[in-house]
Amino acid sequence: MLKQQLNFKLSQKLSPQQIQLMKLIQLPTQAFEQRVKQELEDNPALDSGKESSDEYEDEFKNEEMESDSEIIETESEINVDEYLSDDEIPSYRTQANNYSKDDDDKTIPYASGISFSQHLKTQLQTFRLDEEEKNIAEFLVGSVDESGYIRRETSDIVDDLAFTQNIYTSEETVEKVFKLVHELDPAGVGARSLQECLLIQLKKREADPIVELSIDILENAFDAFSKRHYQKLISKFNITEDQLREVIDEVSHLNPKPGGSYSSNTRIVEHVVPDFTIKIKDGELDLSLNGRNAPSMHVSREYNNMLKGYKESKEKTKKQKDAVMFIKQKLDSAKWFIEAIRQRQETLFVTMNAIMHHQYEYFMTGDERDLNPMILKDIAEKIDMDVSTVSRVANSKYVDTPYGTKLIKEFFSESMTNDQGEEVSTLEIKKILEMTVEDEDKKKPLTDDKLAKVLKDKGYPIARRTVAKYREQLDIPVARLRKEI
């Protein structure tokens, strides 16, 4: 039995040029410079500089090229999903940065040095170890992570030594070697927990009553100390608030990540290049696009002359025809790239200009409480562009303001209604929450319920769970962890 159906299918088709333009818009300044450099290397018909020579003969564009082989032009359908992957998601909340992996100037060169593991192995040479102890020590040092810890149980290490190193030993021997590793520099390296790391460092300090008290508290009441149950500690150890305050100060000067201090000396230094600059001139905002986003480029005069030479020649061989087809292709590509750069500049400027005027009060004062609610759609409607285009600008671009360099996506936020019925930005609420926590009595920090009540009294009626969410987003710990004496 035959069955007839009518189906409607909506499909989107993008030209390769449109896709390339989208990707150009998304590139931040440094990555864009690399893209321009690459295009100049790949296309000999494109030159940098201000000379303009882009008028090659139109008749060549339309002239029929005779050839022994027929030239067939086909237009293949573009798979949108293949090009619009995760980086095309219209959301300003996706991760972004202001450099690409191809940038040449994103790192500062350092003199070649030894690794953290090698640094530790070198120190082992100062100990008198038998063959077994040396092999175990080198294995332990090789197991130290970037924070300086060995996060393995002793029994698991014994098994690993047997299976991977053919070293059959006991837990007692491994524990003995562990004590040797704990003598290495930096102090605390090789610890299996934060408690052990801090105790190793304390025991290396010159003994005095506070150091001894600190060791006693960390050995016998680490959980209460880490949770800041100060009254329990005062009662259990029969000490005063001043003594406990000195212990807290002593412990706070210890290094919880002994490996971090070594690795930080060799970390890659990343540079942010602002794509825009906003200044206040004569009481008004002034927006400018980084000049590195506007390179001067033109079509090669030499390639134009090649076409003219072909036109003037009497005999046109197949070899010449093939060459001129190549030249025309490169000239068309060069002209498109120059136009794409112009469109990119215009898109960036128009988008940032709309954002600047939407957040006019903030850019005039620098007070985050003046940030207006703003979503991608707001800006897209103002400039009559697609939401995804605004997303590409917001996700990966930085703006230099009188108040520091900011990632543009940070100016976007949802809105909520205050008790006056006014739409306010969630960023404003977060700022007030942050200020409330800063001003609280640290001996009696405010719980999320109390913070919600304070915000409600200030005109922002939000639920306790919302306060908890904003607090976590601001990296503010819970009340008991903010407690001080």
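The values are calculated or read from the model by the stated rules, or taken from the named source; none is laboratory data. Since the structure is predicted, the reported quantities are computational estimates derived from the model, not experimental observations. All Cβ positions, even for glycine, are placed from backbone atoms using ideal geometry, and neighbour counts span all protein chains on display. The protein model used for the area step is the full one, side chains on, heavy atoms only, and it has no ligands, DNA or RNA in it. Shrake-Rupley method; radii C 1.70, N 1.55, O 1.52, S 1.80 Å.
Assorted remarks:
- Qualifying residue in region 361-383 (condition: of a type in the set (A, V, I, L, M), within 18 Å of residue 425 (Cα to Cα) and open to solvent by 40 Å² or more (accessible area, probe 1.4 Å)): yes
- Within region 411-418, not a single residue is open to solvent by 90 Å² or more (accessible area, probe 1.4 Å) and either at pLDDT 85 or above or basic (Lys, Arg) (or both).
- Condition check for residue 175: among the charged types (D, E, K, R), farther than 26 Å from residue 220 by Cα and open to solvent by 20 Å² or more (accessible area, probe 1.4 Å): no
- The requirement of being at pLDDT 80 or above and open to solvent by 30 Å² or more (accessible area, probe 1.4 Å) is fulfilled nowhere in region 306-324; no residue meets it.
- Count of region 123-154 residues, restricted to those that are without any contact (Cβ under 8 Å) to a residue 24 or more places away in the chain and of a type outside the set (D, E, K, R), is 3.
- Checked against the criterion of being open to solvent by less than 30 Å² (accessible area, probe 1.4 Å), in contact (Cβ under 8 Å) with a residue 40 or more places away in the chain and either closer than 30 Å to residue 147 by Cα or in a loop (DSSP other than H, G, I, E, B) (or both), region 213-221 has no qualifying residue.
- Sub-7 Å Cβ pairs linking a first residue in region 445-469 that is of a type in the set (Lys, Arg) to a second residue that is open to solvent by 40 Å² or more (accessible area, probe 1.4 Å) and at pLDDT 85 or above, at least 6 apart or interchain, are 464/449, ordered by first then second residue.
Okay, residues lined up against (1) among the aliphatic types (A, V, I, L, M); (2) farther than 22 Å from residue 219 by Cα; (3) assigned to a loop (DSSP other than H, G, I, E, B); (4) over 37 Å from the mean Cα position of the chain (by Cα):
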| residue | (1), (2), (3), (4) |
| --- | --- |
| 135 | no, yes, no, yes |
| 152 | no, no, yes, no |
| 167 | yes, yes, yes, yes |
| 184 | yes, no, yes, no |
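- Residue within region 387-403 that is surrounded by fewer than 18 Cβ atoms within 10 Å (Cβ to Cβ), free of Cβ contacts under 8 Å to residues at least 24 places away in the same chain and either more than 26 Å from residue 344 (Cβ to Cβ) or under 20 Å from the mean Cα position of the chain (by Cα) (or both) present: no
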